[in-house]
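The values are calculated or read from the model by the stated rules, or taken from the named source; none is laboratory data. These numbers were taken from a predicted model, which means no experiment stands behind them. Here the Cβ is made from the backbone with ideal geometry for all residues, glycine too, and neighbour counts use every protein chain on show. Quick note on the areas: whole protein, heavy atoms, side chains included, nothing else; ligands and nucleic acids left out. Shrake-Rupley method; radii C 1.70, N 1.55, O 1.52, S 1.80 Å.
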Amino acid sequence: MKVGLSRALVRLRTALGLGPAVGADGLPVRLSNRTYAGTRQGQVREFGFDQYLLWTVIAMVIWGLVMVYSASIALPDNPRFANYDHTHFVVRHGLFIVIGLVAGLIAFQVPMQTWERSAPWLFAFALVLLVLVLIPFIGKGVNGARRWFSLGIVSFQPSELAKLAVLLYAADYMVRKMDVKERFFRAVAPMAVALAVVGMLLLAEPDMGAFMVIVVIAMGILFLGGVNARMFFLISLVVIAAFAMIVMMSEWRRERIFAYLDPWSEEHALGKGYQLSHSLIAFGRGEIFGVGLGGSVEKLHWLPEAHTDFLLAVVGEEFGLVGVLIVIGAFMWMIRRIMHIGRQAIALDQVFAGLVAQGVGLWTGFQAFINIGVNLGALPTKGLTLPLMSYGGSAILLNMVAIAIVLRVDYENRQLMKGGRP
């Protein structure tokens, strides 16, 4: 009876031109002396990936851009860079950030299944580039190393692509070998051969730092993929012994180790220990809160490679201990979040995607650990940049592509948890 009366009232209001006030149950709604039209339940907009991770990465990239400008602004005063403008390095770094953003957007659109199918082909392509860069008149040599392709106004370093290629290939390899992961020769030996080939090409450049990162990525994925722990530790011992032999057989690498042990000696202070000693001076000048942005003295031709390998030393001088701790904290949080995304993917039975995400975490974390350790004098000098922050076109490009792939993994995780398809 009441429902019939209510409907009659609605028809009457419509006939009088007042319009019906209808609630969610189809009945008129009146509050006090005002009538409100019924509204549909609003849909809350949900982002399909981790916004906190994205903004942390963006903040680190922007801070890195500012620090690259601060660290490189005085370089044109050096006769070696006399033909460069004061904004030369920051403009090129900004250009590669833009290219990295575009490449990252494209990478995010690619489903993880496509990355899995493409992994062997990308690995083969990276091997071809590592061979080509060693050929005179094709590869570009700088300071006795042949690591770059000259592409006009920019250069490309194939060893950075090799890091991503090995990561994807190792994750795909572990998925294919999941049923034989307890058998050494069937599970590990083929991957060891692939790493040996990559290692010989990288050491021919030479680029031992990139080779170390690639070995850690591959071994980490093997371990996370479930390879027998005893076999893993055996492989680790073999790898450590191999790197020790490489160092002992190279005179200039041995000198780096000795310089690291005593950088202040007369023999090393102006030689192999020069960078480390001035890096430590920069941290000492920064004290707790730093001397202020742009106030670094060590970047004024005292500290070599201040905008690349030793960018953290400039951060320490200009922002002090507080700035260094913020950088370290940002990396720790970011890597923890990336590893969580990887574990979540594996829990959703997306093993390849999970191993890829965790591989990116290992890559970023290990390289940041080495760079920070070198800057602070805790590790021997090694030519590895600080991910997402240091100057280096190829490095920033591939770092941003790798983060985009992690965000894709997170996006597919969320789609699966909502009952959809990745």
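Figure legend. Inter-residue proximity from the range 379-390: first residues farther than 18 Å from V360 by Cβ and open to solvent by less than 30 Å² (accessible area, probe 1.4 Å), second residues among the basic types (K, R) and part of a loop (DSSP other than H, G, I, E, B), beta-carbon distance below 8 Å, spacing 6+ or different chains. Indicated pairs: T381/K272.
The set of residues in the range 241-293 being touching a Gly at 6+ places or on another chain (Cβ under 6 Å) and more than 17 Å from F310 (Cβ to Cβ) consists of E287, I288, F289.
Assess whether G354 counts as being within 15 Å of I403 (Cβ to Cβ) and either crowded, with 24+ Cβ neighbours inside 10 Å or touching a Gly at 6+ places or on another chain (Cβ under 8 Å) (or both).
No, not satisfied.
Residue under question is E318, and the condition is that it be charged (D, E, K, R) and without any contact (Cβ under 8 Å) to a residue 60 or more places away in the chain; does it hold? In short, no. For the range 128-142, the set of residues classified as assigned to a strand (DSSP E or B) and more than 19 Å from I214 (Cβ to Cβ) consists of K140, G141, V142, listed by residue number. The single condition among (1) open to solvent by 30 Å² or more (accessible area, probe 1.4 Å); (2) at pLDDT below 95 that G329 does not meet is (2). Search the range 239-285 for residues being open to solvent by less than 70 Å² (accessible area, probe 1.4 Å), outside any helix (DSSP H, G or I) and without any contact (Cβ under 8 Å) to a residue 60 or more places away in the chain, and hand back the single one that is farthest from A210 (Cα to Cα). Once the filter is applied, the top-ranked residue is S265.
All of L293, L300 fail the test of being touching a residue at least 60 places away in the same chain (Cβ under 8 Å), farther than 30 Å from V142 by Cα and not in a helix (DSSP H, G or I), apart from L293.
Please find, within the range 169-178, the residue that is most open to solvent (accessible area, probe 1.4 Å) out of those that are over 16 Å from V128 (Cβ atoms) and of a type outside the set (V, I, T).
R176
Taken together, the criteria place T35 among residues that are open to solvent by less than 100 Å² (accessible area, probe 1.4 Å) and modelled with pLDDT under 85. Tell me yes or no: at least one residue of the range 143-159 is part of a strand (DSSP E or B) and either open to solvent by less than 20 Å² (accessible area, probe 1.4 Å) or modelled with pLDDT of 95 or more (or both). Yes; the residues of the range 143-159 include at least one that is part of a strand (DSSP E or B) and either open to solvent by less than 20 Å² (accessible area, probe 1.4 Å) or modelled with pLDDT of 95 or more (or both).
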